[in-house]
Amino acid sequence: MQDPIIPKGVAHVPVDAVTTPDPIIFALQPNLSMLAFTSAIETLRIANQLTGQNLYSWATMSETGENVRCSNGIEIGIDSPLGETPANAAVFICSGVQPERAASQRMADWIRLQWRVGRRVGGLCTGAYTLAKAGILEGRSFTLHWENIPPFREQFPNLSPLEQLYAIDDRIMTSGGGVAPMDLFLKLIYDRHGAQLARAVLNMCLHTVQRSETDRQQSSTAALIGNRNDKLVRIISYFEENLEETVDLDSVTRDMGVSRRQMERLFKQHLNTTPKRFLQELRLQKARILLAETDMAVVEVATACGYESVGNFSKRFREAYGMSPHRFSAGHG
């Protein structure tokens, strides 16, 4: 582990003296999210700074020991290749874009070993891909970045990720991307050193509220569309939950207690579109994610997004994005 990192600062929070720091290992994968990684590590740094103690120590590892480049192009220095870790360590897989490709078998085997010998293990942003490949998520509560949940479900249909900020299930800890790791690590600080320090770290990060484990990663449908019309929100939620199925709009109107004309009027008035076009946009957005983040064939993506023919899917995709799904997929390979 690194030498103690205890930056000087003005603010101070007294806590009980510790004899040894809690060791945290960050295993970095290519194209990891720098925001997710730094949200975690800066939370630990601030806890040390505020207390003037070495509460936490940390180190970075990669599969080969070589530096790792983030999805924003910035390179992160690595302390060592995958290897032994302290007995009381918490070990986190840090991933980001294209997690399916980044989740190597070697790292999956390594994290499974860490789990078997009693370490706490976790995944930040899309690190759950490697935990799933390691075979340690079945029957567990876990999460990952919301954008990657649809392709994750396609690859691991027996697993059920939660769409929440973070999840702690015994010795498995996972979080979504962005600043969600900060919320997870604030929880760990709270449990280990109390509310006063957790609040102080929160304030130093200008993170105005400590969000709970089950808070959603995304805004509600109502907030996203800027409208709280109950019928419109329910229809959109139904669309989102049934993108793989053939959606009969007349059946939807009967189930929602509105006429077809009323539904058309709701979408025109509040979203300036039609229900059919809105549904198609949702399907194409999902298709774009699957093509970018998985190795699924175009025909498989078309089926997963509710298209009855590859031809129709390809035509709609080209109209929306200016290129064929085959070309788009090749560009993300």
Looking at F142, F185, which is the one that is aromatic (F, W, Y), farther than 26 Å from L243 by Cα and modelled with pLDDT of 95 or more?
F185
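Could you say whether any residue in the range 68-86 is assigned to a helix (DSSP H, G or I) and under 20 Å from Q155 (Cβ atoms)?
Quick first cut of the range 68-86, residues assigned to a helix (DSSP H, G or I) only: none.
Looking through the range 68-86, none of the residues is assigned to a helix (DSSP H, G or I) and under 20 Å from Q155 (Cβ atoms).
Give the residues of the range 49-65 that are hydrophobic (A, V, I, L, M, F, W, C) and part of a loop (DSSP other than H, G, I, E, B), sorted by residue number.
Here is the first cut: in the range 49-65, the residues hydrophobic (A, V, I, L, M, F, W, C) are 50, 55, 58-59, 61.
Hit for the range 49-65 is L55, nothing else.
Please find, within the range 281-327, the residue that is surrounded by the fewest Cβ atoms within 10 Å (Cβ to Cβ) out of those that are basic (K, R) and within 27 Å of the chain's Cα centre (by Cα).
First, pick out the residues of the range 281-327 that are basic (K, R): 283, 286, 288, 315-316, 318, 327.
Among the residues that remain, those that are also within 27 Å of the chain's Cα centre (by Cα) are: 283, 286, 288, 327.
Details: R283: 22, K286: 19, R288: 19, R327: 13.
Ranking the candidates gives R327 first.
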Among (1) polar (S, T, N, Q); (2) crowded, with 20+ Cβ neighbours inside 10 Å; (3) within 20 Å of S62 (Cα to Cα), there is one condition N148 misses while meeting the rest; what is its number?
(3)
Between a first residue in the range 278-296 that is within 10 Å of E154 (Cβ to Cβ) and a second residue that is among the small types (G, A, S) and crowded, with 23+ Cβ neighbours inside 10 Å, which pairs have beta carbons less than 8 Å apart while being 6 or more apart in sequence or on different chains?
none
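Residue-by-condition table, conditions (1) over 19 Å from R101 (Cα atoms); (2) touching a residue at least 12 places away in the same chain (Cβ under 8 Å):
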{"residue": "G122", "(1), (2)": "no, yes"}
{"residue": "C125", "(1), (2)": "no, yes"}
{"residue": "R140", "(1), (2)": "yes, yes"}
{"residue": "G178", "(1), (2)": "yes, yes"}
{"residue": "L206", "(1), (2)": "yes, no"}
{"residue": "E213", "(1), (2)": "yes, yes"}
{"residue": "Q218", "(1), (2)": "yes, yes"}
Can you find even one residue in the range 261-278 that is touching a Lys or Arg at 6+ places or on another chain (Cβ under 8 Å), modelled with pLDDT under 90 and not in a helix (DSSP H, G or I)?
no
Looking at (1) at pLDDT below 95; (2) within 14 Å of the chain's Cα centre (by Cα); (3) in a helix (DSSP H, G or I), which one does G177 not meet, given that it meets all the others?
(3)
Could you give every pair whose Cβ atoms fall below 8 Å, whose first residue belongs to the range 1-25 and is farther than 18 Å from Q196 by Cβ, and whose second residue is part of a loop (DSSP other than H, G, I, E, B) and of a type in the set (D, E, K, R), counting only separations of at least 6 or pairs across chains?
Q2/D79
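Determine whether E308 is outside the structural domain of H145 (by TED's automatic domain parsing), in contact (Cβ under 8 Å) with a residue 60 or more places away in the chain and either among the β-branched types (V, I, T) or out of contact with any strand residue (DSSP E or B) (no Cβ under 6 Å at 6 or more places or on another chain) (or both). First the steps, then the outcome.
Working: outside the structural domain of H145 (by TED's automatic domain parsing): yes; in contact (Cβ under 8 Å) with a residue 60 or more places away in the chain: yes; either among the β-branched types (V, I, T) or out of contact with any strand residue (DSSP E or B) (no Cβ under 6 Å at 6 or more places or on another chain) (or both): yes.
Yes: the conditions hold for E308.
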If we scan the range 16-25, do we find a residue that is hydrophobic (A, V, I, L, M, F, W, C), touching a strand residue (DSSP E or B) at 6+ places or on another chain (Cβ under 7 Å), within 18 Å of L184 (Cβ to Cβ) and buried (at least 22 other Cβ atoms within 10 Å of the Cβ)?
yes
Restricting attention to the range 163-179, which residues are touching a Ser or Thr at 6+ places or on another chain (Cβ under 6 Å) and either surrounded by fewer than 18 Cβ atoms within 10 Å (Cβ to Cβ) or more than 21 Å from L35 (Cβ to Cβ) (or both)?
D169
Quick count over the range 142-172, residues being farther than 24 Å from A297 by Cβ and touching a Cys at 6+ places or on another chain (Cβ under 7 Å), is 0
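From the set of residues in the range 106-145 that are among the hydroxyl-bearing types (S, T, Y) and in contact with a helix residue (DSSP H, G or I) (Cβ under 8 Å, 6 or more places away or on another chain), which is surrounded by the fewest Cβ atoms within 10 Å (Cβ to Cβ)? Break it down into steps so the answer makes sense when it comes.
Taking the range 106-145 as the starting set, the residues that turn out to be among the hydroxyl-bearing types (S, T, Y) are 126, 129-130, 141, 143.
Add one more test, that the residue is in contact with a helix residue (DSSP H, G or I) (Cβ under 8 Å, 6 or more places away or on another chain), and what stays is 126, 129-130, 143.
Details: T126: 33, Y129: 28, T130: 28, T143: 23.
Ranking the qualifying residues of the range 106-145, first place goes to T143.
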Given (1) under 28 Å from the mean Cα position of the chain (by Cα); (2) among the charged types (D, E, K, R); (3) within 30 Å of R101 (Cα to Cα), number of the condition R234 does not satisfy
(3)
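The values are calculated or read from the model by the stated rules, or taken from the named source; none is laboratory data. Please read all numbers here as calculations on a predicted model, not as lab measurements. Using ideal geometry, Cβ is built from the backbone for each residue, glycine included, and neighbour counts are taken over all protein chains shown.
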